[in-house]
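Asks: First, the structure itself, so that you have it in front of you.
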Amino acid sequence: MTRHFWVLLHRYTGLAMAGFLIIVGLTGSLLAFNSELEHAITPQLYAVDTSGTRLAAAALIARAEALAPTAEVNYLSLGDAESVLASMSPRIDAATGKAYELGFDQLILNPYTGQELGRRTWGAISEGMINLIPFVYKLHFNLALGEVGMWTLGITALVWTLDCFVGFYLTLPARRKKQNVGYALRTVTDPVRNAYPTNNLSFRQRWKPAWLIKWRGSKYRINFDLHRAGGLWLWIMLLIFAWSSVSMNLWDTVYTKTTQLVFDFHAPWTDLKKLDKPLDQPAIGWPQALNIAETLMTKTAAEQGFSVEQPIAIWLNRELGVYVYNVRSSRDIQDKQGNTRIFFDANTGEQRLQLLPSGQYNGNTITSWLIALHMANVFGMPYRIFVCVLGLAIIMLSVTGVIIWLRKRRAARLSTRI
């Protein structure tokens, strides 16, 4: 395939992705400071006094279900010192066989008193500022369009990953053409063409301009240099963010199959079988499930040689029929979160699966790093600032690419008129 083919491929895939990348770049820049923005915009969702004794998880679940008697808890956060988030789903009305109408899916509680701090339908911007940051997250993850948006951004991420290599290739200097001796002698002193000296430049010398921005050049030259040099300097991180986006949106298809071709990768959707029908009422209730979770995690930590630092969450996966207990451990990579998990049967209490973020399966370790880098949950504040700037750089690369296309399109139209 000719270089011209790759130029056209890069140009038109870039145009197709530009709008989506502008959205994810802008929202990603904001989400680098997700926690700080949530605190600033919705301070009412966080406890003011955190000096007391935190209520037991079972008591918080009971409190949530008492506050919303037509709902049941599916998920409870355990790691935040200022609030507890309970994810709720409607109960089934025994008289009608239909689910109750809730009008919300999240209940936020004070972890020390059990007082309700707020309730919301996560990501529903119609509810106002209480859902602004969740809505930004939905835009970033699936364009706030549900499964359709998730697939759209997943395919965009896959194309973006491949286009990273195409764009890198196009920055490389073109192959030097062989010249006969007569041509070289004729051009060696030609002050205009001067092909002979250029042909003697090393690969590094010919590639060097691609890394530079000629600030004193024309507006088009500066725009072109920003696009080319910006893409080169940020290439590794752009590739990481593109492929990690595939892992988030096409996790059970493209990412899993591709990763398993090269690495040892395990996940709930690869190792646990879905039930024929989602589990409605498990034989093991929340109080017993919490005790089993702590016992199994203590046993797993001793067997695998890690220490538990903080519980993060527990939830009931009804489709798989398991409880999932998540803690932060010494095996975790992320700064503030934890992804050390055990899965146990919601009817028998038998452990079904354990997944550690590092040191267990090399594919899972790589995935943990990809997610941590993408979510800006590693290397502290300096890296979070970098991720914020990277999001803006992605917007810049998209906009400059569109400007290059418009300029070439205008030039092509003018040439046909002459």
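Asks: Evaluate the range 378-393: report whether one residue or more is closer than 25 Å to Gln260 by Cβ and either touching a residue at least 12 places away in the same chain (Cβ under 8 Å) or surrounded by fewer than 17 Cβ atoms within 10 Å (Cβ to Cβ) (or both). Steps first, please.
Replies: Step one: of the range 378-393, the residues closer than 25 Å to Gln260 by Cβ are 378.
From what's left, either touching a residue at least 12 places away in the same chain (Cβ under 8 Å) or surrounded by fewer than 17 Cβ atoms within 10 Å (Cβ to Cβ) (or both): 378.
The answer is yes, given that some residue of the range 378-393 is closer than 25 Å to Gln260 by Cβ and either touching a residue at least 12 places away in the same chain (Cβ under 8 Å) or surrounded by fewer than 17 Cβ atoms within 10 Å (Cβ to Cβ) (or both).
Asks: Restrict the check to the range 177-188 and report whether at least one residue is at pLDDT 95 or above, surrounded by 12 or more Cβ atoms within 10 Å (Cβ to Cβ) and part of a helix (DSSP H, G or I). Talk me through it step by step, then tell me what you get.
Replies: At the first step, the residues of the range 177-188 found to be at pLDDT 95 or above are none.
No, there is no match, as no residue in the range 177-188 is at pLDDT 95 or above, surrounded by 12 or more Cβ atoms within 10 Å (Cβ to Cβ) and part of a helix (DSSP H, G or I).
Asks: Of (1) within 25 Å of Asp264 (Cα to Cα); (2) aliphatic (A, V, I, L, M); (3) open to solvent by 20 Å² or more (accessible area, probe 1.4 Å), Val324 satisfies all except one. Which?
Replies: Of everything listed in (1) within 25 Å of Asp264 (Cα to Cα); (2) aliphatic (A, V, I, L, M); (3) open to solvent by 20 Å² or more (accessible area, probe 1.4 Å), Val324 misses just condition (3).
Asks: If you check every pair at least six apart or on different chains, which have Cβ atoms under 6 Å apart with a residue in the range 140-159 that is at pLDDT 95 or above first and a residue that is assigned to a helix (DSSP H, G or I) and among the small types (Gly, Ala, Ser) second?
Replies: Matching pairs, first to second residue: His140/Gly28; Asn142/Gly149; Leu143/Gly149; Ala157/Ala242; Ala157/Ser245.
Asks: If Ala283 satisfies every condition in (1) of a type outside the set (Phe, Trp, Tyr); (2) open to solvent by 70 Å² or more (accessible area, probe 1.4 Å); (3) in a helix (DSSP H, G or I); (4) within 21 Å of Ala62 (Cβ to Cβ) but one, which is the exception?
Replies: The single condition Ala283 does not satisfy is (3).
Asks: Those residues that are open to solvent by 30 Å² or more (accessible area, probe 1.4 Å) and in contact with a helix residue (DSSP H, G or I) (Cβ under 9 Å, 6 or more places away or on another chain), I need them from the range 343-353; list them, please.
Replies: Gln351, Arg352
Asks: Condition (residue is outside any helix (DSSP H, G or I) and closer than 25 Å to Leu373 by Cβ) applied to the range 47-58: is it met by at least one residue?
Replies: No, there is no match, as no residue in the range 47-58 is outside any helix (DSSP H, G or I) and closer than 25 Å to Leu373 by Cβ.
Asks: Checking the structure you have, find out if any residue of the range 68-87 is over 32 Å from the mean Cα position of the chain (by Cα) and among the hydroxyl-bearing types (Ser, Thr, Tyr).
Replies: yes
Asks: Which is farther than 24 Å from Ala229 by Cα, of a type in the set (Ser, Thr, Tyr), open to solvent by 20 Å² or more (accessible area, probe 1.4 Å) and in contact with a strand residue (DSSP E or B) (Cβ under 8 Å, 6 or more places away or on another chain), of Ser358, Ser330? Steps first, answer last, please.
Replies: Numbers: Ser358 fails: in contact with a strand residue (DSSP E or B) (Cβ under 8 Å, 6 or more places away or on another chain).
The conditions single out Ser330.
Asks: Listed residues Thr400, Thr367, Thr340; which is under 30 Å from Val136 (Cα atoms), hydroxyl-bearing (Ser, Thr, Tyr), buried (at least 17 other Cβ atoms within 10 Å of the Cβ) and within 17 Å of the chain's Cα centre (by Cα)? Walk me through it before giving the result.
Replies: Working: Thr400 fails: within 17 Å of the chain's Cα centre (by Cα); Thr340 fails: within 17 Å of the chain's Cα centre (by Cα).
The conditions single out Thr367.
Asks: Taking the condition of being in a loop (DSSP other than H, G, I, E, B), touching a helix residue (DSSP H, G or I) at 6+ places or on another chain (Cβ under 6 Å) and more than 20 Å from Met375 (Cα to Cα), how many residues in the range 113-155 meet it?
Replies: Just the residues of the range 113-155 that are in a loop (DSSP other than H, G, I, E, B), to begin with: 113-115, 121-124, 128, 143-145.
Now narrow it down to the ones that are touching a helix residue (DSSP H, G or I) at 6+ places or on another chain (Cβ under 6 Å): 114, 122-124, 143-144.
Then keep just the ones that are more than 20 Å from Met375 (Cα to Cα); that gives 114, 124.
Qualifying residue count for the region: 2.
Asks: Going through the range 242-269 one residue at a time, which ones are out of contact with any Cys (no Cβ under 7 Å at 6 or more places or on another chain), assigned to a helix (DSSP H, G or I) and among the aliphatic types (A, V, I, L, M)?
Replies: Those that are out of contact with any Cys (no Cβ under 7 Å at 6 or more places or on another chain), assigned to a helix (DSSP H, G or I) and among the aliphatic types (A, V, I, L, M): Val246, Met248, Val254, Leu261, Val262.
Asks: Can I ask one more? Can you tell me how many residues in the range 47-64 are of a type outside the set (A, V, I, L, M, F, W, C) and crowded, with 18+ Cβ neighbours inside 10 Å? Steps first, please.
Replies: Restricting attention to the range 47-64, the residues satisfying the condition of being of a type outside the set (A, V, I, L, M, F, W, C) are 49-54, 63.
So of that shortlist, the ones also crowded, with 18+ Cβ neighbours inside 10 Å come out as 63.
Total meeting the criteria: 1.
Asks: Right, next: Do any residues in the range 294-318 that are open to solvent by less than 70 Å² (accessible area, probe 1.4 Å) and of a type in the set (D, E, K, R) have Cβ atoms under 8 Å from those of residues that are at pLDDT below 95 and not in a helix (DSSP H, G or I), where the two are at least six apart or on different chains, and which pairs are they?
Replies: Arg318/Pro278; Arg318/Leu279; Arg318/Asp280
Asks: If I ask for residues that are without any contact (Cβ under 8 Å) to a residue 60 or more places away in the chain and under 19 Å from Arg328 (Cβ atoms), which ones from the range 273-293 would you list?
Replies: Result: Ala293, single match.
Asks: Something else: Which of the residues that make up the range 336-357 are free of Cβ contacts under 8 Å to residues at least 40 places away in the same chain, in contact with a Phe, Trp or Tyr (Cβ under 8 Å, 6 or more places away or on another chain) and part of a loop (DSSP other than H, G, I, E, B)?
Replies: Within the range 336-357, just Glu350 meets the criteria.
Asks: Output the number of residues of the range 202-222 satisfying the condition of being closer than 26 Å to Arg410 by Cα and assigned to a helix (DSSP H, G or I). Before you say what the answer is, go through the steps one by one.
Replies: Narrowing the range 202-222 to residues closer than 26 Å to Arg410 by Cα: 209-210, 212-222.
Those left that are additionally assigned to a helix (DSSP H, G or I): 209-210, 219-222.
Qualifying residue count for the region: 6.
Asks: Looking at the structure I just gave you, is Arg410 free of Cβ contacts under 8 Å to residues at least 24 places away in the same chain, assigned to a strand (DSSP E or B) and not hydroxyl-bearing (Ser, Thr, Tyr)? Working first, answer last.
Replies: Working: free of Cβ contacts under 8 Å to residues at least 24 places away in the same chain: yes; assigned to a strand (DSSP E or B): no; not hydroxyl-bearing (Ser, Thr, Tyr): yes.
When the stated conditions are applied, Arg410 does not pass them.
The values are calculated or read from the model by the stated rules, or taken from the named source; none is laboratory data. Quick caveat, the model's predicted, so the values are computed rather than measured. Glycine also receives a Cβ, built like all others from the backbone with ideal geometry; neighbour counts cover every protein chain displayed. All accessible areas refer to the heavy atoms of the entire protein, side chains included, with ligands and DNA or RNA removed. Shrake-Rupley method; radii C 1.70, N 1.55, O 1.52, S 1.80 Å.
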